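These notes concern the structure reproduced below.
The values are calculated or read from the model by the stated rules, or taken from the named source; none is laboratory data. Fair warning: this is a prediction, and the values are worked out from it, not measured in the lab. Here Cβ is always computed from backbone atoms with ideal geometry, including for glycine, and neighbour counts include all displayed protein chains.
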Amino acid sequence: MFRSYVLPFITFMYCFSIQAQQPKKPTSSELYEAIEKLNFLGSVLYIAAHPDDENTRLISHMSNGVKARTAYLSLTRGDGGQNLIGPELRELLGVIRTQELVAARKIDGGEQFFTRANDFGYSKHPDETLAIWNKDDVLSDVVWAIRKFQPDIIINRFDHRSSGSTHGHHTSSAMLSMEAFDAAADPTKYPDQLKYVKVWQPKREFFNPSWWFYGSQEKFDAADKTYFYELEVGNFYPALGLSNSEIAALSRSSHQSQGFGNTGSRGSETEYLELIKGDSPTDQTNIFEGIDTSWNRVKGGQPIGKLLKSVQEHYDFNNPSASIPQLVEAYQRIQKLEDKHWKQVKSEAIKNVIAGCAGLYLEVAAASNTATPNSTVKLSLEAINRSPQHIKLASVVLSDGTTIKNARDLKNNVSHQFKSEVNIAQNTPYSTPYWLDSKGTLGMYNVADQNLIGLPETPRSVTATFNVSINGVIIPYVRPVIYKTNDTVKGEIYKPFEVIPVVSAHISEPVIIFADDQQKDIQVIVKANRDNLEGFVQLAHPKGWNVYPEKQKVALLHKGEKKTLIFTIIPPKNQSEGLLTPMVHIGDEVFTKHLIEMDYDHIPFQIISEPSESKIVRLDIQKKGDNIGYIEGAGDVVPESLRQIGYNVVLIKPEDITSENLSRFDAIVVGIRAYNTLDALKFKQAQLFEFVNEGGNLIVQYNTSGGLVVDDLAPYPLELSRDRVTDENSEVKFLNPQHELLNYPNKITQMDFEGWTQERGLYFPDKWSEEFTPLLSMHDKGELAKEGSLLVAKYGKGHYIYTGLSFFREFPEGVAGSFRLFANMLSIGKKNIKTETQLKQ
């Protein structure tokens with residue numbers, strides 16, 4: 001018995017550590033689990049607002065325990081959050097979190113869907129959320145997901161009755177789910193969808209409460225659960241060698257950009273569900289009671305069910321291929337079903353089981369991981385049958401229509417490798433996330449193609465279809481073209497095959513700040529994505545700015561070659577801002593795309609094609625002090641932004657914080673959430689406070705109120721709260737308009753708070769000692785004023801400043817006022833000190 005469990009466990013764990021594109025190689029035990037799922041015709045759709053909102057324990061239970069087809073519909077891609085693993089924010093962070101969700105579902109056995117809603121940041125009320133999102137559009141997407149997935153049961157993570165008491169996105173997800181439950185069955189609602197799907201009425205809808213809805217575990221334990229349905233979700237799965245909760249923890253740990261690494265648990269655990277729509281099951285442990293989840297629910301399905309039941313009963317763990325003849329017969333019968341939904345779902349599922357039982361390996365690899373439209377790509381194909389079953393490769397059809405007809409028997413464990421080429425048509429779209437392909441709004445992505453809406457990724461356009469013949473039955477297997485290589489440390493590495501523009505260009509800095517009217521040289525990096533390119537580059541720029549030279553020639557001989565061109569930008573005399581766009585002219589075509597590559601070990605390699613734009617800002621700004629030490633927190637671009645306005649910024653690691661090292665700086669800036677993420681800072685507060693005492697300025701940016709690594713965040717009493725102001729246009733009042741920080745060296749006015757993005761700030765202190773002076777007051781609509789966004793205190797010869805203002809969001813957007821205010825924070829106390837530059841003059 002021991003040996004039968006060890007191999008699945010090792011394989012299961014290994015699958016989580018390798019690159020996500022590697023083909024799945026299921027164990028014998030996993031194949032048996034998949035056959036069990038073939039015999040269950042029931043579906044569950046879990047609905048919430050963001051990546052990480054999903055209950056992975058419940059999703060894993062439904063998929064691996066109940067054997068139901070299970071999916072998570074996340075209304076957003078998490079674009080508005082913070083990033084603990086890198087500098088990417090907004091849309092790029094959304095790409096990372098999308099891939100983290102896809103990875104999570106591969107672990108817990110679910111599927112993943114989205115709507116077009118853009119996570120614009122924290123929202124305090126669903127009224128605001130649904131106005132920014134465009135309620136009707138997001139509702140239509142939820143209805144589309146229900147009609148397409150056809151769930152018997154919907155489970156909401158959040159309570160539709162909680163308006164104003166939690167994140168507006170959370171409540172909105174539940175409200176939209178409740179409305180979509182009925183709308184999906186109404187043919188008058190979104191009738192254009194019915195060209196692709198049919199109306200669908202789910203059977204039941206539940207709310208999935210947890211202790212945090214009640215404020216504490218103690219309150220939840222004491223709550224009346226008379227009408228709750230109880231599910232045991234602590235099961236152990238011998239075939240996988242893991243408990244359900246251990247699988248859930250591995251799934252949740254996929255959310256690395258949010259720092260949600262999770263430790264699995266073992267033993268009995270309970271999830272609760274409250275029925276909020278539909279009929280009531282009498283068995284409070286079986287939410288599928290009364291729903292036919294057998295093949296009998298499908299016309300013509302009964303013989304398929306009997307056949308698959310026989311496969312399950314006679315399955316040979318030592319020889320899975322013995323099941324292939326009956327599985328192929330079941331596949332044939334499924335092709336004759338009138339029910340298009342279950343025909344499609346079960347066809348794909350049984351094809352994968354057949355391939356797994358045969359050890360059938362089908363792969364098509366390109367010679368490079370990228371190609372351009374109107375080009376030819378060399379391919380290496382491989383087909384191998386690792387079973388005694390008689391299997392033949394009838395043909396291979398490439399996505400350009402090329403058919404490779406040389407049929408061959410796939411004899412047991414004999415690899416068949418052959419070469420071919422595929423043509424990338426001129427009109428082939430670039431491989432970029434489809435929701436970023438055209439400009440959207442603050443709250444919505446723009447997706448015109450109905451069939452793309454909801455998909456986690458852009459479907460691969462370059463593929464090979466392997467037509468495999470088993471017992472005379474042709475079964476098509478579609479495989480995307482991939483690229484693979486060998487890394488001397490990591491071994492076999494897979495990357496997606498991408499179609500990209502023939503040339504790309506970008507300016508080295510996404511935001512370029514001009515602190516005065518002096519010209520700057522900027523770098524334009526041009527990259528060839530095919531051989532032998534020749535043309536010229538010019539820059540589109542706003543009126544009032546000048547660029548020299550007007551254009552420059554560029555010649556690139558080899559694919560992958562880069563050249564850096566230097567352009568001189570001359571700003572106007574007065575404050576101004578706009579966009580700078582490189583335009584690469586090759587023949588009659590003009591290319592304006594920037595290719596962004598993201599390479600993280602826990603998600604597939606990503607290439608994003610986006611418009612190449614850099615913001616240029618001419619600031620009216622003064623500053624004092626030159627040398628800044630920066631302690632990095634959870635990833636932001638504040639150091640680079642401060643360098644843009646002329647500061648010398650040195651990154652400091654916690655272990656390098658000593659009195660001697662700090663003494664050479666005018667100010668120390670602590671990055672966002674540093675006191676949540678850097679344990680070593682607990683031992684460095686004394687040195688930082690002494691730096692202030694000796695005349696330095698210490699600026700601490702926002703931290704969350706929970707999980708602080710220090711007892712004393714400031715030299716005086718100060719307590720953080722969850723207070724935040726989410727309206728980026730909220731009125732800002734000056735509580736102490738004569739204070740030095742608001743007047744020197746830059747006069748701060750209401751204009752400096754115009755053009756802010758996403759929010760004013762977050763996690764403001766709500767209690768502080770009398771040594772602190774609050775400078776700003778702001779609030780969201782209908783709320784009391786919050787005065788903790790910017791606090792300053794004199795300590796010894798220097799100043800301690802705590803701010804929850806979102807500089808980490810404003811700097812990347814080139815918000816002029818945020819730079820002026822931060823310069824004042826760095827300059828406080830230096831009014832009568834001449835700078836090094838002034839002394840030289």
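Can you find a residue that is closer than 20 Å to P604 by Cα, in contact with a Ser or Thr (Cβ under 6 Å, 6 or more places away or on another chain) and modelled with pLDDT of 85 or more anywhere in region 66-82? Yes: region 66-82 contains one or more residues that are closer than 20 Å to P604 by Cα, in contact with a Ser or Thr (Cβ under 6 Å, 6 or more places away or on another chain) and modelled with pLDDT of 85 or more. Residues in region 532-548 that are assigned to a loop (DSSP other than H, G, I, E, B) and surrounded by 12 or more Cβ atoms within 10 Å (Cβ to Cβ): H541, P542, G544, W545.
Among the residues of region 63-73, those identified as over 11 Å from I155 (Cα atoms) and not small (G, A, S) are N64, V66, K67, R69. Counting only strands (runs of 3 or more DSSP E) that sit wholly inside region 731-841, those with at least 1 residues that are among the charged types (D, E, K, R) and either touching a residue at least 60 places away in the same chain (Cβ under 8 Å) or within 29 Å of N83 (Cβ to Cβ) (or both) are 761-768.
In the set (1) farther than 25 Å from K378 by Cα; (2) in contact (Cβ under 8 Å) with a residue 40 or more places away in the chain; (3) out of contact with any strand residue (DSSP E or B) (no Cβ under 6 Å at 6 or more places or on another chain); (4) not assigned by TED's automatic domain parsing to the domain that holds K419, K543 fails one condition alone, (2). Filtered by the rule that a residue be of a type in the set (V, I, T) and either under 22 Å from G635 (Cβ atoms) or not assigned by TED's automatic domain parsing to the domain that holds S827 (or both), region 660-692 gives I668, V669, V670, I672, T677.
If we scan region 300-316, do we find a residue that is surrounded by 15 or more Cβ atoms within 10 Å (Cβ to Cβ), touching a residue at least 24 places away in the same chain (Cβ under 8 Å), outside the structural domain of A239 (by TED's automatic domain parsing) and basic (K, R)? Within region 300-316, one or more residues are surrounded by 15 or more Cβ atoms within 10 Å (Cβ to Cβ), touching a residue at least 24 places away in the same chain (Cβ under 8 Å), outside the structural domain of A239 (by TED's automatic domain parsing) and basic (K, R).
Tally time: how many residues in region 556-573 are aliphatic (A, V, I, L, M) and either modelled with pLDDT under 95 or not assigned by TED's automatic domain parsing to the domain that holds G544 (or both)? Here the count works out to 0. Pairs linking a residue in region 181-197 that is over 11 Å from R147 (Cβ atoms) to a residue that is buried (at least 19 other Cβ atoms within 10 Å of the Cβ), with Cβ atoms under 7 Å and 6 or more positions apart or on different chains, are F181/I154; F181/P202; F181/E205. If the condition is being within 15 Å of P476 (Cβ to Cβ) and either in a helix (DSSP H, G or I) or touching a Pro at 6+ places or on another chain (Cβ under 8 Å) (or both), then region 328-345 contributes V328, Y331, Q332, I334, K343, Q344. Suppose the filter is over 23 Å from T592 (Cβ atoms), modelled with pLDDT of 95 or more and surrounded by 19 or more Cβ atoms within 10 Å (Cβ to Cβ); does V414 pass it? Considered against the rule, which asks whether it is over 23 Å from T592 (Cβ atoms), modelled with pLDDT of 95 or more and surrounded by 19 or more Cβ atoms within 10 Å (Cβ to Cβ), V414 comes out as no.
Summed over region 702-712, residues that are surrounded by 21 or more Cβ atoms within 10 Å (Cβ to Cβ) and not hydroxyl-bearing (S, T, Y) total 1.
In region 229-245, the residues that are touching a residue at least 40 places away in the same chain (Cβ under 8 Å) and more than 17 Å from G110 (Cβ to Cβ) form Cβ pairs under 7 Å with partners that are aliphatic (A, V, I, L, M) and surrounded by 19 or more Cβ atoms within 10 Å (Cβ to Cβ), at six or more places apart or across chains, as follows: Y229/L273; Y229/I287. Against the definition (modelled with pLDDT under 95, over 22 Å from K781 (Cβ atoms) and surrounded by 19 or more Cβ atoms within 10 Å (Cβ to Cβ)), how does D159 come out, yes or no? So D159 fits the description; yes.
Looking across region 549-588, the residues that are exposed (fewer than 12 other Cβ atoms within 10 Å of the Cβ), in contact (Cβ under 8 Å) with a residue 40 or more places away in the chain and not in a loop (DSSP other than H, G, I, E, B) come down to T564, I566. For region 373-410, filtered to residues that are of a type in the set (G, A, S), more than 30 Å from V502 (Cβ to Cβ) and at pLDDT 95 or above, the residue that is surrounded by the most Cβ atoms within 10 Å (Cβ to Cβ) is A383.
When G264 is tested against (1) free of Cβ contacts under 8 Å to residues at least 40 places away in the same chain; (2) under 19 Å from N39 (Cβ atoms), just one condition goes unmet, and that condition is (2). Exactly one residue out of G798, G788 is under 19 Å from I628 (Cβ atoms), among the small types (G, A, S), at pLDDT 95 or above and surrounded by 15 or more Cβ atoms within 10 Å (Cβ to Cβ), and it is G798. The condition (being surrounded by 20 or more Cβ atoms within 10 Å (Cβ to Cβ), assigned by TED's automatic domain parsing to the domain that holds T285 and more than 28 Å from the chain's Cα centre (by Cα)) is satisfied by just one residue among L194, L176, L231: L231. Residues considered: N467, N471. Of these, the only one that is modelled with pLDDT of 95 or more, in the same structural domain as D400 (by TED's automatic domain parsing) and not hydroxyl-bearing (S, T, Y) is N467. Considering E246, E230, the condition of being among the charged types (D, E, K, R), more than 30 Å from F317 (Cα to Cα) and touching a Ser or Thr at 6+ places or on another chain (Cβ under 8 Å) is satisfied by E230 alone. Within the bounds of region 656-679, is there any residue that is over 22 Å from D752 (Cα atoms), of a type in the set (G, A, S) and in contact with a Leu (Cβ under 6 Å, 6 or more places away or on another chain)? Within region 656-679, one or more residues are over 22 Å from D752 (Cα atoms), of a type in the set (G, A, S) and in contact with a Leu (Cβ under 6 Å, 6 or more places away or on another chain).
Candidates R408, R460: the one that is among the charged types (D, E, K, R) and within 24 Å of I324 (Cβ to Cβ) is R408. Residues in region 258-288 that are touching a Leu at 6+ places or on another chain (Cβ under 8 Å), under 21 Å from G65 (Cβ atoms) and not in a loop (DSSP other than H, G, I, E, B): T270, E271, Y272, L273. Within region 407-423, residues that are in the same structural domain as I474 (by TED's automatic domain parsing) and under 15 Å from K392 (Cα atoms) sit with their Cβ atoms under 8 Å from residues that are among the charged types (D, E, K, R) and part of a loop (DSSP other than H, G, I, E, B), at 6+ positions apart or across chains, in these pairs: N412/R386; N413/R386. For region 84-102, the set of residues classified as modelled with pLDDT of 85 or more and crowded, with 21+ Cβ neighbours inside 10 Å consists of L93, G94, V95, I96, R97, T98, Q99, E100, L101, listed by residue number. Here A239 meets the list (1) outside any loop (DSSP other than H, G, I, E, B); (2) under 28 Å from S28 (Cβ atoms) almost entirely, failing just condition (1).
In the condition set (1) touching a Lys or Arg at 6+ places or on another chain (Cβ under 8 Å); (2) at pLDDT below 95, G707 is compliant with all but (1).
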